[in-house]
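A short worksheet on the structure shown next.
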Amino acid sequence: MDGWWTNYPWRMIQPNFREIDTRDFDEDRFMEELASFSCNAVMLNAAGLIAGYPTALEDQPRSAFLGGFDLGHLVDRCHDQGIRVIARTDFSKISTAVFERHPDWAYRHADGTPLIYNGYVQTCLSGGYQGGYMDEILREVLTAIPFDGIYCNMGTATGYIVDYSMNRHGPCQCENCRRAFREKYGMSIPETLRPGDKASMIYFRFQQELAAAQKQRVTKLLRSIRPDLAYCSVDYVRQEANSEYGRELPHWQYQASSNARAIRGMGVNGTSADVDFMGFSYRHVAATPALQELRLYQTLSNFAGIDYYIMGRPENKADTSAYDRVKKVFAYAAAHEKHLYNVQSLAEVLLVRDAYVIPNPEERGWIRALTELHILFDETLLGGLGRIELGRYKAIVLPEKPRLSPEAAQRLNGFVQDGGTVLCVGQPPALFCLGLAGTAKRNDRLLGAMLRIRTEEQAAFPHFADRPFVMLGKSYWEAEYAEDTRKYGVLLPPEPFGPPELCYPTAEPTSFPAVTGRPYGQGQALYIPWYPGTAYYQNGFDNWLLFMEDVLKTLCGLISPAVSLSPMVEITHGRGEEFETVHFVNGSGHFGNSFFDPALLTDQTVAIPWTKDTAVCENLDGPGKLVYTLQNGVLTITVPRLGAHACVIITE
């Protein structure tokens, strides 16, 4: 349904109150702080784990630090200033006192013990708390206080539980879960989850079904309370661009951009939140301010709402090192709202992701390649393929997508039939257009193997005239192909790599290709039976990037608007109601595993199609600092001096 959240220009602040932050609360000062951030939405702690209001419910503990704090009055004050208010709730845990009254509400390990962290007990999707009592809490708080919507923290079904020390815990083994799983699937819940394991995949589906049923139930409840209540993950989406101390490198420098694209690709409005702190264990230490500024510009440039997440109240936060940069971007977004929001991407490529939060290195490698080659692209999740008009795209990239639904496969086959290009990478999906004969077999014993681009194939792979080899890694999907399949490159078996005197081939080349292409209907299906994206994401050498560039530009026929553009500059192209926009985001401050202020770049130039007779270009970040020409339907735009960001508005 359309509500206030539809096409809302989100500029949200989430001050995640600790219990003590309602003690000695200065409402006037808090409102001044919100105004200083130019925000039009705020998320306030409300209910669940600890009630931030005088609840009458026995099994929802009331904060001991409320004092004179009046959450309802604060919401009214925000509304008076035109600020929407989202209620932050958390139903993932209960206090030990509540657990003692309701032991069946808890998650259980395989040995029957509950998961207790800092005195709070993990709850379960099948238990009576998330299965029903949370509805009573929601009904009370949303009836008593005029919130505009809710956000449920840690509500994602991921198959396992991760505590705040980043420890993974296996599937819930409580009696409710065991009984429901046994009744539905006739089997026991696995104690551990393993990739590709049948029982693990069934359990993950079981959890998704429980989460979907809960979402449907809560949506119905909210609509009955007030139809204009926005429910996160239904009416809007909020994802996080965050850091975590000790997280496996490399840092994901395009996290905010990718979040924004995926949100749009699911056909909903929402935000990518810049998480201020460095991780769960260091919530009071800010991540590098330059990184936070980059995240916000990435989000705006990919046509999504911005969001800033801090611990505590804005005025009592000790580390305010990112405040000036965040306030600058928020003020910029407020000043140029009509040009930054409700803009339609003009990308011709769609990349399909598995999920919002589960890292897939093959996806990330292709996101890097598309970004750094300046090939404009959108993203969606697998579940979004049914919501998107695929015909607007020239190509669809499927990095490691073996498990397509029959409906998705049918749509993709139709997309190719009608003239599109599908590029599949890694384990092959069941797509008829690929022309695979039989089942592909994975070979992980190929360390030292290479792919050779032959002399006669260099027209298709122009970057390999002076470098005939592509490094494979160690994994390859061996398959048989239909007779009309074109094959490029050849897999060379592993050769000895030590001692140096023995480093020469000892076996004949195989018949397996580096990439295949098959005509289907009016389009084509390409298949790469190995993992160049993973290799590029994890190692970064241009050997893989150049291979991907030749596949994208030569075999897929994709073009880039870049004329003279650093690989470290992200660009997007979109269309508003009476204008078009080109964003430039300078990511040159990313160096190794650190983020610094970006270097000042000169003469960054793009060329885009423009069918009108005249064009007027304006740089929102530097009025007058722009060079552009229109000739033969091509508009060439140069930003002479690019700092952190530039947004060029084009009108007739």
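The values are calculated or read from the model by the stated rules, or taken from the named source; none is laboratory data. Just so it is clear, the model here is predicted, and its values are computed rather than measured. Positions of Cβ are generated from backbone atoms using ideal geometry, with glycine treated the same way; all protein chains shown enter the neighbour counts.
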**Message:** Could you check segment 15-55 and list, in sequence order, the residues that are in contact with a helix residue (DSSP H, G or I) (Cβ under 7 Å, 6 or more places away or on another chain), small (G, A, S) and under 24 Å from C124 (Cα atoms)?
**Reply:** A46, A47, G48, G52
**Residue within segment 525-532 that is part of a helix (DSSP H, G or I) and farther than 18 Å from D378 by Cβ present** = yes
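So which of T605, T572, T614, T581 ends up being at pLDDT 95 or above and outside any strand (DSSP E or B)?
Answer to the check: T614.
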**Item:** Residue among V141, V98 that alone is in contact with an Asp or Glu (Cβ under 8 Å, 6 or more places away or on another chain), part of a helix (DSSP H, G or I), of a type in the set (A, V, I, L, M) and within 20 Å of R62 (Cβ to Cβ)
**Value:** V98
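One line per residue, one yes/no per condition, for (1) closer than 15 Å to Q255 by Cα; (2) among the small types (G, A, S); (3) surrounded by fewer than 16 Cβ atoms within 10 Å (Cβ to Cβ); (4) in contact (Cβ under 8 Å) with a residue 60 or more places away in the chain:
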residue	(1), (2), (3), (4)
E362	yes, no, no, yes
R368	yes, no, no, yes
I375	no, no, no, yes
D378	yes, no, no, yes
L385	no, no, no, no
P402	no, no, yes, no
S405	no, yes, yes, no
L412	no, no, no, no
G420	no, yes, no, yes
**Complete:** Of the conditions (1) more than 25 Å from I571 (Cβ to Cβ); (2) buried (at least 20 other Cβ atoms within 10 Å of the Cβ); (3) modelled with pLDDT of 95 or more, the single one that M471 does not satisfy is (2)
**Prompt:** If a residue has to be over 20 Å from E244 (Cα atoms) and either small (G, A, S) or within 25 Å of the chain's Cα centre (by Cα) (or both) to count, how many in segment 307-322 make the cut?
**Reply:** 0
**Prompt:** Looking only at residues in segment 24-42 that are part of a loop (DSSP other than H, G, I, E, B) and within 35 Å of the chain's Cα centre (by Cα), which one is nearest to C232 (Cα to Cα)?
**Reply:** N40
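Sort out which residues of segment 559-573 are closer than 12 Å to Q298 by Cα and among the β-branched types (V, I, T), and write them in order of number.
Matches in segment 559-573: V569, I571, T572.
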**Message:** Please go through (1) out of contact with any Leu (no Cβ under 9 Å at 6 or more places or on another chain); (2) in contact (Cβ under 8 Å) with a residue 40 or more places away in the chain; (3) of a type outside the set (D, E) for A97 and return the number of the only condition it doesn't satisfy.
**Reply:** (2)
**Message:** For the condition of a type in the set (D, E, K, R) and touching a helix residue (DSSP H, G or I) at 6+ places or on another chain (Cβ under 7 Å), what is the one hit in D90, D59?
**Reply:** D59
**Request:** Might you check whether a residue that is surrounded by fewer than 13 Cβ atoms within 10 Å (Cβ to Cβ), assigned by TED's automatic domain parsing to the domain that holds G517, charged (D, E, K, R) and without any contact (Cβ under 8 Å) to a residue 40 or more places away in the chain occurs anywhere in segment 446-458?
**Result:** yes
